[in-house]
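Note sheet for the following structure.
The values are calculated or read from the model by the stated rules, or taken from the named source; none is laboratory data. As the structure is a prediction and not an experimental result, all values here were calculated from the model. FYI the Cβ positions are ideal-geometry reconstructions off the backbone, even for glycines, and counts take in every protein chain you see.
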């Protein structure tokens, strides 16, 4: 079986290699971490027992924050190592954990490479955030008697449809998983349908509610506001935006700028992927807006910027082209639009925006966050818009009725607060394995 799987991986790698080469050259992705991907991984404290936690990208890494903190507090005699798949995930993991923990790229799932990785890491347990279950990975873990726990488990509609098409194979893979800690009853049922034994699936809730810090202000927002000359005017932040979405947002903003009532409104766009920063900057210029790139002023002394922030009576568009500052932008916002939702990309995490007590808006394509969307909408804690016209009308209403906007923001924050607690439930289950090692 493993020889056939390795052969299929080789065929897939050959077919996908032109795309990898293109992204290396064009987007400067996949340039680092190849030693890790080939199983060469070192630990900081090899004498200790080890917890291996894996999160694919930024969202999964962020969701792991409270789990890692609790593991450090309760199981200090274990070393925790963190793996990720994407460059953005690696950067985020380094920012969160790099000072204390070993962060590396997840090995390719070839049997011989995964054996090398397990031999170097020697984990006592493996924690997989959300869904990242690979066949050779779980096979080798089972052979070595290393428990594999899916934490914050979820299966999107798209993934569920795919797994059902290969259910006999999926069943063999997921039966090797020791435990699934699912976000919701719906996700739990999906794990069971694709092969997880009923007794190995427990609903613990979503960790993202716990990592969404409920606060009124975020440290560093004053410096950000000063460097961007954001005064007491209103700020619309479009966060984690995706392809083709910025065009829609800029058209809406131009329409709003034509109304005298909204002349003080600023727009900040923060694309989800850093490789799109230059593309979005060019688009803003092509649309005729003056542009301020936060990366150009972030390290300047506040109030000393030489950038002209207003040209011909048109407010410049702010491009948030730095990593790790989205929450600061959100903290300053009057209204937040959560991206990748006006276009069919599945949406971005809206919990962080709601937790900060902001009026949160998203489009109709937030299917990757269905449970959060349902919870927020059920309690009037966010607004879903259908299209560009609806977005324009909604922002107008929100700006003209600040009391209504504030009520929506408070409701959203309360929804986040009520759904917290998944970390404690998850740690309780993980501890049973760690105490048995």
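Scan segment 371-408 residue by residue and report those that are within 30 Å of residue 185 (Cβ to Cβ) and in contact (Cβ under 8 Å) with a residue 60 or more places away in the chain.
If the condition is that a residue be within 30 Å of residue 185 (Cβ to Cβ) and in contact (Cβ under 8 Å) with a residue 60 or more places away in the chain, then 371, 372 are the ones that fit.
All of 118, 104 fail the test of being under 25 Å from residue 6 (Cβ atoms) and either touching a strand residue (DSSP E or B) at 6+ places or on another chain (Cβ under 7 Å) or assigned to a strand (DSSP E or B) (or both), apart from 104. Of all residues in segment 203-215, none satisfies being over 28 Å from residue 421 (Cβ atoms) and surrounded by 17 or more Cβ atoms within 10 Å (Cβ to Cβ). Do you know which of the residues in segment 401-422 that are in a loop (DSSP other than H, G, I, E, B) and in contact with a helix residue (DSSP H, G or I) (Cβ under 9 Å, 6 or more places away or on another chain) is surrounded by the fewest Cβ atoms within 10 Å (Cβ to Cβ)? Among them, the one singled out is 421.
Listed here are the residues, each with its yes/no results for (1) outside any loop (DSSP other than H, G, I, E, B); (2) on the phi > 0 side of the Ramachandran plot; (3) at pLDDT 95 or above.
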position	(1), (2), (3)
304	no, no, no
346	no, yes, no
352	yes, no, no
357	no, yes, yes
377	yes, no, yes
395	yes, no, yes
399	yes, no, yes
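In segment 129-167, the qualifying residues are those that are part of a helix (DSSP H, G or I) and within 24 Å of residue 432 (Cα to Cα), and the one that is farthest from the chain's Cα centre (by Cα) is 143. Note on segment 218-289: enclosed helices (runs of 4 or more DSSP H) holding 3 or more residues that are over 18 Å from residue 348 (Cβ atoms), free of Cβ contacts under 8 Å to residues at least 12 places away in the same chain and over 21 Å from the mean Cα position of the chain (by Cα) are 277-286.
Search segment 66-89 for residues being part of a helix (DSSP H, G or I) and at pLDDT below 95, and hand back the single one that is surrounded by the fewest Cβ atoms within 10 Å (Cβ to Cβ). Here the residue is 88.
Against the list (1) within 21 Å of the chain's Cα centre (by Cα); (2) crowded, with 22+ Cβ neighbours inside 10 Å; (3) closer than 19 Å to residue 169 by Cα, the condition residue 60 fails is (3). In this structure, is residue 318 touching a helix residue (DSSP H, G or I) at 6+ places or on another chain (Cβ under 7 Å), in a helix (DSSP H, G or I), in the same structural domain as residue 233 (by TED's automatic domain parsing) and at pLDDT 95 or above? No. Residue 126 falls short on exactly one of the conditions (1) assigned to a strand (DSSP E or B); (2) at pLDDT below 95, and that condition is (2).
Taking the condition modelled with pLDDT of 90 or more and either part of a helix (DSSP H, G or I) or within 23 Å of the chain's Cα centre (by Cα) (or both), does residue 170 pass? Yes; evaluated as a whole, the condition is true for this residue.
The lone criterion from (1) within 30 Å of residue 334 (Cβ to Cβ); (2) under 18 Å from the mean Cα position of the chain (by Cα); (3) in a loop (DSSP other than H, G, I, E, B) left unmet by residue 210 is number (3).
Residues in segment 174-202 that are assigned to a helix (DSSP H, G or I) and buried (at least 21 other Cβ atoms within 10 Å of the Cβ): 174, 187, 188, 190, 191.
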